[in-house]
Amino acid sequence: MKITTENIRVNFQAKEILKGISIETRDKELVGIIGPNGSGKSTLLKCIYRVLKADSGAVYLDGEELYAMNAKSSAKKMAVVAQHNYYNFDFSAREVVLMGRAPHKKTLERDNADDYRIVEEALKTVQMDKFADRSFSTLSGGEQQRVILARALAQQTPALILDEPTNHLDITHQIMLMKLVKNLDVTVISAIHDLNIAAAYCDRIYVLKDGVLEGEGTPGEVLTPELIRRIYKVESEVVYDSQGKMHILFL
Ligand code: ADP
Ligand code: MG
């Protein structure tokens, strides 16, 4: 699936947070959005996953304008792992994952054996099957993050939108998550704050700063010491390991 944004502008109060952002993914591409805190990454993703309506501009899913679709149709096309997840009710991990099946159901249609099988599989994939009956609110940040990813997997969409998905995860689960997402064979747009994670897994990267796109390209093209200095004001060196993979060292 292809996701396109066209000249997205967002204002909060009198401040312009996104100043005309146009990005495009190719089918099954993993696209990273990087940039300092407050640069507008989450705001851009929210416009794409429909919790925020841009003041102007448009989002297209496979060429179809987002707001021309009903919410259920867009939920069949993209699943979301947001930065903060909070439930007012005391749902179990399994119940949270089951919510991913909702876009596929008619109103009041009961969950069936297929739904439960998909949910158990998703929990296994993120290694949270042992926690299925635990109350979501009692899980650690990283465990919650994996349950939310399982919910997105259970939604079985051709696109995933992730907002700093590795934030609460230890290094084992950071790698697990990024490998898993990379191997899903779906289109992914992900805000990523760790430049080495972005370098290792993204096909392409967009750089946001103060609501403006400051760069676009493959990790090798974008993540240069010059750009890192300009965007983050830190000195760095790019090195290649024995397997030819790039790493950024901060000096
Ligand atoms: P990032 O995800 O890159 O860290 P955000 O998109 O969350 O950045 O935020 C971009 C800017 O917009 C920040 O300065 C933030 O304080 C501001 N902002 C985000 N949401 C709101 C809001 N609802 N009201 C006012 N300002 C907001
Ligand atoms: Mg953010």
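The values are calculated or read from the model by the stated rules, or taken from the named source; none is laboratory data. Everything numeric in this text was worked out from a predicted model, so none of it was measured. Heads up, the Cβs are rebuilt from the backbone with ideal geometry, glycines too, and the neighbour counts pull from every protein chain shown. Each accessible area value is taken on the protein alone, full model and side chains, heavy atoms only, with ligands, DNA and RNA left out. Shrake-Rupley method; radii C 1.70, N 1.55, O 1.52, S 1.80 Å.
In the stretch 198-227, which residues are under 17 Å from Tyr240 (Cβ atoms) and either assigned to a strand (DSSP E or B) or within 16 Å of ligand 1 (Cβ to nearest atom) (or both)?
The first filter runs over the stretch 198-227 and keeps only residues under 17 Å from Tyr240 (Cβ atoms), leaving 198-202, 218-225.
Correct list: Ala198 only.
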Applying the selection to the stretch 6-18, what residues are touching an Asp or Glu at 6+ places or on another chain (Cβ under 8 Å) and within 16 Å of ligand 2 (Cβ to nearest atom)? Val10
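Enumerate the helices (runs of 4 or more DSSP H) found wholly within the stretch 32-124, keeping only those where 1 or more residues are assigned by TED's automatic domain parsing to the domain that holds Leu208.
Working: elements: 41-48, 71-77, 93-98.
By residue number, 41-48, 71-77.
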Being farther than 30 Å from Asp90 by Cβ and either open to solvent by less than 60 Å² (accessible area, probe 1.4 Å) or within 16 Å of ligand 2 (Cβ to nearest atom) (or both) narrows it down to one of Asn196, Asn183, so name that one. Asn196
Specify the residue that is least open to solvent (accessible area, probe 1.4 Å); the eligible residues are those in the stretch 117-155 that are within 19 Å of the chain's Cα centre (by Cα) and of a type in the set (D, E, K, R). Arg146
Residue ID - farthest from ligand 1 (Cβ to nearest atom), chosen from residues in the stretch 156-174 that are open to solvent by less than 10 Å² (accessible area, probe 1.4 Å) and under 23 Å from Gly63 (Cβ atoms): Ala159
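Just checking, how many residues over the stretch 81-116 are away from ligand 2 (no atom under 16 Å from the Cβ) and open to solvent by less than 40 Å² (accessible area, probe 1.4 Å)? Before you say what the answer is, go through the steps one by one.
Filtering the stretch 81-116 down to residues away from ligand 2 (no atom under 16 Å from the Cβ) leaves 87-116.
Now restrict to residues that are open to solvent by less than 40 Å² (accessible area, probe 1.4 Å): 92-93, 96-98, 100-101, 103, 105, 115.
Summing the residues that are away from ligand 2 (no atom under 16 Å from the Cβ) and open to solvent by less than 40 Å² (accessible area, probe 1.4 Å) in the stretch 81-116 gives 10.
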Got a sec? Which of Ile3, Ile33, Ile21 is more than 16 Å from ligand 2 (Cβ to nearest atom) and surrounded by 13 or more Cβ atoms within 10 Å (Cβ to Cβ)? Ile3
Which residue is nearest to ligand 2 (Cβ to nearest atom), if the candidates are limited to the stretch 36-56 and must be surrounded by 15 or more Cβ atoms within 10 Å (Cβ to Cβ) and at positive phi? Gly40
